[in-house]
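The structure under discussion appears below in the form of structure tokens.
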């Protein structure tokens, strides 16, 4: 469980940055070479590579070398884990809000 929590923390940390979210969105359309990905951002290549490292360390992105070109692709399993966590949280809060709604309706009816 602690390992899953660490993985989830890494995913949310990676997605906390707009550059990294943009890379994830782009890779949602299919694999791309690092050079193509980096071209979209106004930063030095080493800085962009740090963003890719965070994405790879979180499990959101995988890369492989094809000749001299490094190709990146989305690894959807990590996104699925984050989605599962958010779904559970949403269900919890919807249930709590439903209980609050019922309680407030009960209070309103008893005041009549």
How many nm is it between the label spots at residue 42 and residue 112, if each spot is 7 Å from the Cα in line with the beta carbon? 6.1 nm
Could you let me know the centre-to-centre spacing of the range 73-112 and the range 24-51, using Cα atoms, in angstrom? 35 Å
Residue 49 paired with residue 73, simple spin-label distance in nm, labels 7 Å along Cα-to-beta-carbon: 2.3 nm
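With r defined as the distance between the Cβ atoms of residue 89 and residue 25 and R0 fixed at 30 Å, what FRET efficiency is calculated, to the nearest 0.05?
With R0 = 30 Å, the Cβ-Cβ based efficiency is 0.85.
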For the chain, averaging the sequence separation of alpha carbon pairs under 8 Å that lie six or more residues apart and dividing by its residue count, the contact order in percent is 27 percent
Testing the spin-label approximation: label points 7 Å from Cα along Cα→Cβ at residue 97 and residue 57. State their distance in nm. 3.5 nm
Can you put 74, 60, 55, 15 in order, fewest other beta carbons within 10 Å first? 15, 74, 60, 55
Give, to the nearest whole percent, the P(r) tail of the chain beyond 23 angstrom, counting all Cα pairs. 44 percent
Highest GNM mean-square fluctuation among 78, 38, 91, for the chain with Cα springs under 10 Å, belongs to 91
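Every number in this text was worked out from the coordinates using simple rules, so none of it is lab data. What you are looking at is a predicted structure, and each value in this text was computed from that prediction instead of being measured. A quick note on method: Cβ atoms are made from the backbone with ideal geometry, for glycine too, and the neighbour counts reach across all protein chains shown.
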